[in-house]
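Structure first, then comments.
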Amino acid sequence: MNDFKFSALRYERPDLEALGETMRQYTKRVQDAKSYEEARSCMMEMDARQQELSTMMNIVYIRHTVDTRDEFYEKENEYLNEVMPTIMPFAVALNQAYMDSPFRKDFEAEFGKQIFVQMELQQKSFCEANIPLMQREAKLTDEYQKIMAAAAIEFDGQTLNLYGVQKYFEHDDRNMRKAAFQAYSDFYHSHEKRLEEIWDELIAIRNEMGRNLGFENFIPLGYMQQGRTDYGMEEVAAFREQVRVELVPLCQKLYEAQAKRLGVDRVMAYDEKRIYPDGNAVPAGDDDFMVEQARRMYHEMSPETGEFIDFMIEHELMDLKNKPGKASTGYMTELPSLKAPFVFSCFNQTIGDMQVLTHELGHAFAGYMAMRSQPISDYYGESTDIAEIHSMSMEQFAYPYAEWFFGDQADKFRFAHLQEAITFVPFGVAVDEFQHICYANPELTPKERTYEWHKLEEKYMPWRTYENDEFMERGGYWYHKLHIFLYPFYYINYTLTTMGAMEFAGKNRENHEKAWEDYKKLCTCGGSMSYKETLRHANLAVPFEEGSVAKAVRQAKEILLAGM
């Protein structure tokens, strides 16, 4: 189906009861198979059905997030969240049939061992007692999203959503920046009670899920849900410590230099986004201009990216403009039966728009390539710790084209973007450690949890200063990070993959052709290998090894210190 437009795609509610019965029938067929060809036929037929199901589910999710006020797609989203967990026992049984099959070695010979690694992970991370908990979890996370999407902040004579007010964090008037940050803070403070309750219940639900599987708490299950098979909590903790030792002092220097540039005693929280006294780089045109420049850039970058961006535009696979009722998030998802990625975000006329056109489209390019290179949909997407390398590296590959988007402000964009890529990492590891603290210490009260965030800011972001903002000073900043609520233990991936992106940036400066070939290797292999295997395949270092952080950021550090 090559002539589709997303806006015209027809949604039909999946018959999930029938799907369960179909899975049961396929399980028996696999168990009774007399040859590899029979067993393989079952896998390929079921994979096609699962692709259709995923496509329908993601159409619902996309249309629900495009307008959270649309009652039809809100109800469909609720229905799917409610019923999908009940299908899991059928999927687990089917996976067990493949794992027990006498033709397992034949499957491994054709598809590799990773398919069974994924199945085993799914088996270990599911039990039927968790179905009602998963249903309740989905309702709570959707409630969080709707609270964020419904934000209507009265500011500067306008009614703004969260993306709209964040634009003012870069304003040339410091008082305006401060007022905007306060309005942003006040929004979260006004919802603090309900957000405390949601987070409290999510911790209880997820910890119960972990205990139902024999764990002390949710943390081991959270790692499984992220697809982590060849590293664990100790390696992540060691990486966080490398960040504290290597990057926190560098970030401190960068913010001290920024204070001098801005002519202030110190950079306050509301100053952090204002990199230059005469203004940050801003897009040289409107939303449509930015998309057109992205089309030009991807055609210039490589034949594969040119083909990819034409596909995205022709089939309406991007929804980027900010509008009322739109979820305050950004993501890439897939319509696998159409071999089509989809990108969602909210432009706000800042350098963040360029990051959308590179970061989310980096995800999308990887999905586009994997869907055309891998034989089964299980391999269309990679583990989450690999996925962000695609996106963050694409941001770096776009640096030579910055003039097209920002004109004579391109150098400002490049420096600000690189600084943010580095200064983000301490925040990212703080988000990860915060989650470990919360799930390991469920007896903490909501206010005690928020104070734990305050202590993590002192540890990883000692430069962070709030001015007469009681809510933020006692630790309220964490409430804005939706990943904590929606995607437990995901956020460390952004920091691990920053190392891979910095490696690609360094390689790109030395030899673009070789760097791009390694990047294509990363994109086409999809999820067919484990984390460490994928890194080796793309000639990237493992970020847990001692000294890896210092090595990965060496060139970026030199550029930033020279540009201070």
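The values are calculated or read from the model by the stated rules, or taken from the named source; none is laboratory data. Note that the structure is predicted; figures quoted are calculated from it, not measured. Because the Cβ atoms are built from the backbone with ideal geometry, glycine has one as well, and the counts that use them run over all protein chains shown.
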Residues (of a type in the set (D, E, K, R), within 20 Å of ASN280 (Cβ to Cβ) and within 24 Å of the chain's Cα centre (by Cα)) located in segment 145-169: LYS167
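Give me the residue from segment 372-391 that is among the small types (Gly, Ala, Ser) and modelled with pLDDT of 95 or more and, out of that set, farthest from TYR331 (Cα to Cα). Break it down into steps so the answer makes sense when it comes.
So the first thing to find is which residues in segment 372-391 are among the small types (Gly, Ala, Ser), and the list is 373, 377, 381, 383, 387, 391.
When the remaining residues are screened for being modelled with pLDDT of 95 or more, the result is 373, 377.
Values: SER373: 22, SER377: 19 Å.
Per the stated criteria, the residue is SER373.
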Residue in segment 59-80 that is under 17 Å from ASP15 (Cα atoms), under 27 Å from the mean Cα position of the chain (by Cα), assigned to a helix (DSSP H, G or I) and of a type in the set (Asp, Glu) present: yes
Single match in ARG136, ARG206, ARG177 (criterion: basic (Lys, Arg), more than 30 Å from ASP278 (Cα to Cα) and surrounded by 20 or more Cβ atoms within 10 Å (Cβ to Cβ)): ARG206
Condition broken by ARG474, with the remaining ones in (1) under 21 Å from PHE424 (Cβ atoms); (2) touching a His at 6+ places or on another chain (Cβ under 7 Å); (3) charged (D, E, K, R) satisfied: (1)
Failed item, numbered, when THR55 is tested on (1) over 28 Å from ILE313 (Cβ atoms); (2) assigned to a helix (DSSP H, G or I): (1)
From the options MET99, MET119, residue that is surrounded by fewer than 18 Cβ atoms within 10 Å (Cβ to Cβ) and in contact (Cβ under 8 Å) with a residue 24 or more places away in the chain: MET99
Segment 532-547, residues that are of a type outside the set (Lys, Arg) and in a helix (DSSP H, G or I): GLU533, THR534, LEU535, HIS537
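Could you check how many residues of segment 273-286 are in contact with a Leu (Cβ under 9 Å, 6 or more places away or on another chain) and in contact (Cβ under 8 Å) with a residue 60 or more places away in the chain?
Looking only at segment 273-286, we keep the residues that are in contact with a Leu (Cβ under 9 Å, 6 or more places away or on another chain), and these are 274-277.
Next, only the ones that are in contact (Cβ under 8 Å) with a residue 60 or more places away in the chain stay: 274-276.
Qualifying residue count, segment 273-286: 3.
Restricting to segment 505-525, give me the number of residues that are crowded, with 22+ Cβ neighbours inside 10 Å and either at pLDDT 95 or above or closer than 30 Å to GLU201 by Cβ (or both).
The initial filter retains those residues of segment 505-525 that are crowded, with 22+ Cβ neighbours inside 10 Å, namely 505, 519, 522-523, 525.
Filter again for either at pLDDT 95 or above or closer than 30 Å to GLU201 by Cβ (or both), leaving 519, 522-523, 525.
Within segment 505-525, residues that are crowded, with 22+ Cβ neighbours inside 10 Å and either at pLDDT 95 or above or closer than 30 Å to GLU201 by Cβ (or both) number 4.
Please enumerate the residues belonging to segment 287-313 that are more than 22 Å from GLU517 (Cα to Cα) and either touching a His at 6+ places or on another chain (Cβ under 8 Å) or in contact (Cβ under 8 Å) with a residue 12 or more places away in the chain (or both).
Of segment 287-313, the ones more than 22 Å from GLU517 (Cα to Cα) are 287-293, 312-313.
Correct list: ASP287, MET290, VAL291, GLN293, MET312, ILE313.
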Within segment 434-452, considering residues that are within 14 Å of TYR479 (Cβ to Cβ) and not hydroxyl-bearing (Ser, Thr, Tyr), the one surrounded by the most Cβ atoms within 10 Å (Cβ to Cβ): CYS438
Verdict on GLU457 being assigned to a helix (DSSP H, G or I) and either more than 18 Å from GLU272 (Cβ to Cβ) or assigned by TED's automatic domain parsing to the domain that holds PHE169 (or both): no
One residue from PHE342, PHE415 being assigned to a strand (DSSP E or B) and on the phi < 0 side of the Ramachandran plot: PHE342
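Name the single residue that is surrounded by the most Cβ atoms within 10 Å (Cβ to Cβ) among those in segment 463-495 being of a type in the set (Lys, Arg) and either out of contact with any helix residue (DSSP H, G or I) (no Cβ under 9 Å at 6 or more places or on another chain) or under 18 Å from PHE187 (Cβ atoms) (or both). Spell out the reasoning first.
To start, the set of residues in segment 463-495 that are of a type in the set (Lys, Arg) comprises 464, 474, 481.
Those left that are additionally either out of contact with any helix residue (DSSP H, G or I) (no Cβ under 9 Å at 6 or more places or on another chain) or under 18 Å from PHE187 (Cβ atoms) (or both): 474, 481.
On the way: ARG474: 14, LYS481: 18.
Filtering first and then ranking leaves LYS481.
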